[in-house]
Amino acid sequence: MKLIHKNIEKDGGGSVTLIPEESEDMWHAFNLISEGDSVRASTIRKVQSESATGSSTSNRVRTTLKITVENIDFDTQACVLRLKGRNVEENQYVKMGAYHTLDLELNRKFTLFKHEWDSVALERVESACDPAQNADLAAVVMQEGLAHICLITASMTLVRMKIDQAIPRKRKGNVKQHEKGLARFFDSVMQGILRHVNFEIVKCLLIASPGFVRDQFFEYVFQEAVKTDNKILLENKSKFLLVHSSSGFKHSLKEALMDPAVVGKMSDTKALGEVRALEAFYTMLQVESSKAFYGIKHVEKANEAQAIETLLISDSLFRCQDVNERRRYVSLVDSVKESGGDVKIFSSMHVSGEQLGQLTGVAALLRFPLPDLEDEASDDEENNDK
């Protein structure tokens with residue numbers, strides 16, 4: 001994302017002009033734009049014109065519109081962001097108050113106007129415009145007959161391809177059929193890697209599976225690469241990292257990311273910081289539960305005691321339409337930072353963010369135990385069970 005212009009007034013209102021340069025930037029835009037904000041962008045509008053003879057023709061014209069956003073639709077597969085709202089600026093083609101849908105496009109600038117730019121929104125602009133946060137990690141989670149090829153960016157885990165093929169079972173006298181089926185499956189996965197993984201950007205490609213599937217696949221890939229003299233694979237052999245996972249499903253990626261060998265390779269990525277923080281939270285919950293809490297009420301109480309060392313919070317909470325609810329989460333983030341705590345904002349599109357979402361979307365690791373709060377949490381759970 002490229003920042004073109006930033007103008008924030010003393011009262012917190014103002015505008016920011018940005019150019020999305022890659023598909024992940026659309027995810028940042030989706031998190032930045034809220035209903036009630038205004039957006040100015042270039043768009044195509046169908047215009048009806050009538051000639052002197054009374055015949056009407058329709059032309060598509062490119063114009064710049066400013067709308068107040070009423071509806072936001074994010075297509076995660078195509079990475080397209082559609083904003084629907086009423087026109088709020090004079091325009092020769094579109095009447096004031098007329099509805100229009102803006103499609104935010106890559107490499108076309110847009111200007112976002114907010115009545116209140118809070119600290120979370122400003123920080124997102126800053127991190128979105130940081131060139132270091134690109135998709136430098138890819139993963140293949142596989143088992144016999146099933147594989148998911150994923151790209152892992154700082155903000156999301158994108159499943160680029162799913163391969164699901166039936167492989168004949170290993171039976172006496174039928175071993176050949178099994179081997180042929182496995183070779184066909186391995187070939188499909190290899191072609192998927194070549195199609196979806198850009199080795200110029202990707203620093204590490206994880207191959208995760210139960211049993212020996214990953215080893216068999218790795219062997220197959222490099223036998224084929226030697227046979228066909230595939231320079232892309234041969235030159236990037238050192239980037240392949242084989243790790244264990246319990247299955248070939250996407251959710252098994254979390255355990256693969258926690259492998260110490262992966263941690264070493266990924267030490268500089270933001271995604272790893274979140275995975276580590278969540279792992280530390282789960283560990284603390286088992287070992288010393290009075291230092292780990294989740295749910296907004298308990299986390300706010302821990303914050304009142306200035307006990308929060310690390311706050312784990314999902315970005316989906318900042319997209320709620322209730323302004324007061326959003327302010328509640330923003331002030332929690334600001335307060336934790338003021339008292340010297342670390343804040344990790346998890347992406348709901350990332351495997352670690354999906355897990356945090358199952359824990360209400362907000363959790364905290366504490367500097368010191370709060371047994372009273374733990375008793376209260378236990379009472380709440382008992383009341384909920386009744």
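In region 143-182, how many residues are over 15 Å from F217 (Cβ atoms), in a loop (DSSP other than H, G, I, E, B) and either of a type in the set (A, V, I, L, M) or not assigned by TED's automatic domain parsing to the domain that holds L242 (or both)?
2
Restricting attention to region 63-98, report how many residues are surrounded by 12 or more Cβ atoms within 10 Å (Cβ to Cβ), in a loop (DSSP other than H, G, I, E, B) and under 28 Å from the mean Cα position of the chain (by Cα).
The total comes to 2.
Can we say V299 is farther than 19 Å from L365 by Cβ, of a type outside the set (D, E, K, R) and in the same structural domain as L366 (by TED's automatic domain parsing)?
Numbers: farther than 19 Å from L365 by Cβ: no; of a type outside the set (D, E, K, R): yes; in the same structural domain as L366 (by TED's automatic domain parsing): yes.
When the stated conditions are applied, V299 does not pass them.
Being polar (S, T, N, Q) and under 22 Å from the mean Cα position of the chain (by Cα) is the filter here, so list the residues in region 313-342 that pass it.
Listed by number, the residues that qualify are S314, S316, Q321.
Between a residue in region 184-198 that is in the same structural domain as F217 (by TED's automatic domain parsing) and free of Cβ contacts under 8 Å to residues at least 40 places away in the same chain and any residue that is loosely packed, with under 14 Cβ neighbours inside 10 Å and part of a helix (DSSP H, G or I), which pairs come within a Cβ distance under 7 Å, given they are 6 or more apart or on different chains?
L194/I232
Taking region 147-171 only, how many residues are small (G, A, S), within 27 Å of E274 (Cβ to Cβ) and at pLDDT 85 or above?
Summing the residues that are small (G, A, S), within 27 Å of E274 (Cβ to Cβ) and at pLDDT 85 or above in region 147-171 gives 1.
The values are calculated or read from the model by the stated rules, or taken from the named source; none is laboratory data. Here the structure is a predicted model, which is why all the values come from computation and not from measurement. Virtual Cβ from ideal backbone geometry, glycine too; neighbours counted across all protein chains shown.
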